[in-house]
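Below is one structure; the comments refer to it alone.
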Amino acid sequence: MRAIMISIRPEWVEKILNNKKILETRKTTPKCKLPWKVYIYCCNSKKNLCCYSCNSCNYKLMSKEEYDKDFAFSLNGKVVAEFTLNKFDYWQPYWMPDIMDICDMSNLSWVSVDDLISYSNGKIIYGWNIDNLKIYDKPKELSEFSTTLHRMKGKQDR
């Protein structure tokens with residue numbers, strides 16, 4: 001199975017890990033045959049952290065000032081999960097049969113209709129269906145994927 005790593009902002013990672021967001025919106029999709037393994041990299045952010053809460057056993061978005069010992073770790077700057085991309089939907093500004101309704105895309109992706117329309121800039125938006133989500137017990141460093149990334153680029157380890 002082919003693999004890809006995508007970078008996602010902490011506010012969206014928190015919703016994915018808490019099983020609220022089940023559709024990731026993108027302007028592109030892999031050109032090769034599905035399925036694809038998709039690794040989720042939680043971006044670094046100057047203001048928001050996506051953290052794991054020991055008390056509630058879930059993920060919480062908070063500001064850096066709020067972070068305290070009740071939270072086991074921050075996920076920012078780490079590879080936190082993987083999912084299988086078996087299917088994607090799409091929406092485009094001009095209605096065509098057999099495409100996803102923008103309200104459905106908005107509900108499944110947690111992105112407002114207005115933001116989706118703005119994001120599309122008149123072009124197609126793809127909704128990547130998040131299947132078989134596997135959350136890592138311990139987030140992985142990006143460096144752990146360097147060998148995999150080199151192989152994906154067609155390079156060999158030296």
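Couple of notes before you dig in:
- Share, in percent, of DSSP beta bridges within the chain that are antiparallel, nearest 5: 80 percent
- In this label model, CYS103 and SER63 are separated by 3.6 nm, measuring between points 7 Å along each Cα→Cβ vector.
- Solvent exposure of VAL38, expressed as accessible area, is near 0 Å², computed with a probe of 1.4 Å over the protein chains only.
- Measuring only protein heavy atoms, the 1.4 Å probe finds SER106 accessible over about 20 Å².
- Simple label model, 7 Å out from Cα along Cβ direction - ASN121 to CYS32, nm: 2.7 nm
- Note on the chain: with charges restricted to the Cβ of Lys and Arg (+1) and Asp and Glu (-1), its dipole about the Cα centre is near 820 debye.
- What the Cβ-Cβ distance of MET5 and ASP114 gives, at R0 = 22 Å and to the nearest 0.05, is a FRET efficiency of 0.15.
- Overall form of the chain per C-alpha gyration tensor (a/c, 1.5; a/b vs b/c): oblate
The values are calculated or read from the model by the stated rules, or taken from the named source; none is laboratory data. On a predicted model such as this, the values are computed, not experimentally measured, just so you know. When we count neighbours, we look across all protein chains shown, and the Cβ atoms used for this are built from the backbone with ideal geometry, even at glycine. For accessibility, only protein heavy atoms count, side chains too; no ligands or nucleic acids. Shrake-Rupley method; radii C 1.70, N 1.55, O 1.52, S 1.80 Å.
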